[in-house]
Amino acid sequence: MTRLPYDGVVLTAPVSVPYVRYTNESAHWWIARALRETLKKASVTPQELDGLSVSSFTLAPDTPVGLTQHLGISPRWLDTVPMGGASGVAAMRRAARAVQCGDVDIVACVAGDTNRIDSFRNLLSAFSRFSMDATFPYGFGGPNASFALLQDAYCHTYGATREDFGKIAVSQRANALHNPQAIMKKPLSLAQYMDGRMISDPISLFDCVMPCAGSEAFVMMREEMAVAKGLPYARISATIERTNAFPDDPIQLRGGWAVDIDELWGMAGYGPEAIDVLQTYDDYPVICMMQFEDLGFCAKGEGGEFVRRHDLTIGGGFPHNTSGGQLSVGQAGAAGGYLGLVEAIRQVTGTAGPTQVEGAKRAAVSGFGVINYDRGLCSAAAVIEGAGR
C-alpha cells in the first residue's frame, strides 16, 4: 500500500533551551520554557495553540494531562510519546497527520527533563520491569553496561576499532565548539579519547553522554499558515518508525531502520546520496555507526571504513550531528530524542547560525530509544526539506 505524503503540513520554530548539568527546577519548568519560546518564535498565542505533544521521563507524577493545567492551556488534541530517543520523529509523525486531517491546527511538540543530583540514578532504578528485576539488583543497571555488550559484539563481528568510534566523538566535539549552548566546550583529540578511562569495557569515558537538564521544541502547522506568518519552515518528505525490530537476533547489531529503509527512501523519492546533513541519535558512537549502515549510507559491517573515509564535521563532506550531538551538547532526558530533529529543522531552513552547513537543503534524522539489556526497542527516521526561505 502506498503511503500518503505529508502534503500541506510543515515544521517551524525550532527551539533549544540551553542545557545545564544540574538544576532544582522541575521538568514542568523546562517544558514550559521551551513551549513559551517556540510559540513566540512561531507568532502563536497560547490561546491559539490547540495541540500539544510531550515527551519526558521526569514529569511524573504528572502526565501531559496535568501539565495542561499547570500551563493554563486548553488543547483539543493531546499526545505523549514515551519512546526516549525516538520521540522527536515519532511525535512529528503523529502531529503531522493530525494537522493534515484537520483534527488540530497548530501542534507544539515539546520534550524536556530535569536533572537533580540523584535524578539519573532514580530513573535507572525504575526504568523498566526488566531493569528492576534482571539488571539493576546485580549492579548492571543503566545503559553503559548494556551498550558495552552491544559494542563488543559489533567490534568482534565487523572489525570496527576504538579509533573509529573515537573519530565520531572527536568530530562531534569539533562541531560542538561552534555551538554556544553545548555543555562540552573543550576541544577533544583522538589521543584524549583513547586515553579516556574505561567505564564498562569497551565503553570508555568519551563514548558516554552527559546527563543534564534541558528542553527542545518545534511547532507543526499548515503550510499556508506558515507562509502567512512569514516563517521559515521545512516540509516532511518521508518518515518511518519501528518498535522491537528483529526480536530473534541474539544481540542488537541492526536497528528497526533496516526493516523499513526502502520505504523511507521510496517515499522521499531519492536516496542517501541526496542528503546534505545527517543527524543520528548518539548516546554512544556505536549507535551512530549502526545508523550509518541501517539508513543506507554504507553496507552493514562497513561503518568503520565509512567513518575512516569521511569528514564528519560541519565543513566536511559528510556533516553529521552538526550541533555536537548528545555526546558534546549533553543528554537532557527525552529532549535527547528531539535534539537532532530540532537541529535538522534549523539546518534546512538556513537558521542554524554558527553550526550552519553551507547549502543544506535536505536532512535525514534518526532516533533510537528505550534500551532493555541487549537492545534498544524504538527506532524512527525522517527526511525533511527546507522551504519558505
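The values are calculated or read from the model by the stated rules, or taken from the named source; none is laboratory data. Just so it is clear, the model here is predicted, and its values are computed rather than measured. Positions of Cβ are generated from backbone atoms using ideal geometry, with glycine treated the same way; all protein chains shown enter the neighbour counts. The area values use the complete protein model at the heavy-atom level, side chains included, leaving out ligands, DNA and RNA. Shrake-Rupley method; radii C 1.70, N 1.55, O 1.52, S 1.80 Å.
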Step through the table entries 300/361; 185/361; 40/361; 185/229; 41/185; 167/229, compare each Cα-Cα distance with 31 Å, and write down the pairs that go over it. 185/229; 167/229
State the percent of C-alpha pairs, over all pairs in the chain, separated by a distance greater than 26 angstrom. 47 percent
Could you tell me what fraction of 2.2 N^0.38 Å the Cα radius of gyration of region 271-389 comes to, as a two-decimal ratio? 1.01
Determine the shape class of region 11-65: with a ≥ b ≥ c the square roots of the Cα gyration tensor eigenvalues, call it rounded for a/c under 1.5, and otherwise prolate if a/b is greater than b/c, oblate otherwise. oblate
Write down the percent of antiparallel bridges among all DSSP beta bridges whose residues are both part of the chain, to the nearest 5. 75 percent
For 152, 79, the accessible-area ranking with a 1.4 Å probe, largest leading, is 152, 79
Square roots of 5 times each gyration tensor eigenvalue, C-alpha, region 148-189, largest first, Å: 27, 10, 7
Rounded to whole Å², per residue accessible area for the chain with a 1.4 Å probe reads 39 Å²
Report relative contact order for the chain in percent, whole number only (criteria: Cα-Cα under 8 Å, sequence separation at least 6). 27 percent
If you roll a 1.4 Å probe over the chain with all protein chains in place, what percent of the accessible area is carbon or sulfur? 53 percent
Using the per-residue mean of other Cβ atoms lying within 10 Å as a proxy for protection, in what order, highest first, do the peptides 53-66, 240-253, 340-353, 322-335 fall? 322-335, 340-353, 53-66, 240-253
Area of residue 185 that stays accessible when all protein chains are in place (1.4 Å probe, Å², to 10): 130 Å²
Sort 28, 320 from largest to smallest accessible area, using a 1.4 Å probe on the heavy atoms of the protein chains. 28, 320
Calculated from DSSP H runs of 4 or more alone, at -39500 (n - 2.57) each and per residue, what is the 222 nm mean residue ellipticity of the chain, nearest 500? -10500 deg cm²/dmol
Hydrodynamic radius of region 316-356 per Kirkwood, over alpha carbon pairs, in Å: 10.6 Å
Please work out the Cα center distance from region 327-389 to region 200-239, rounded to the nearest Å. 5 Å
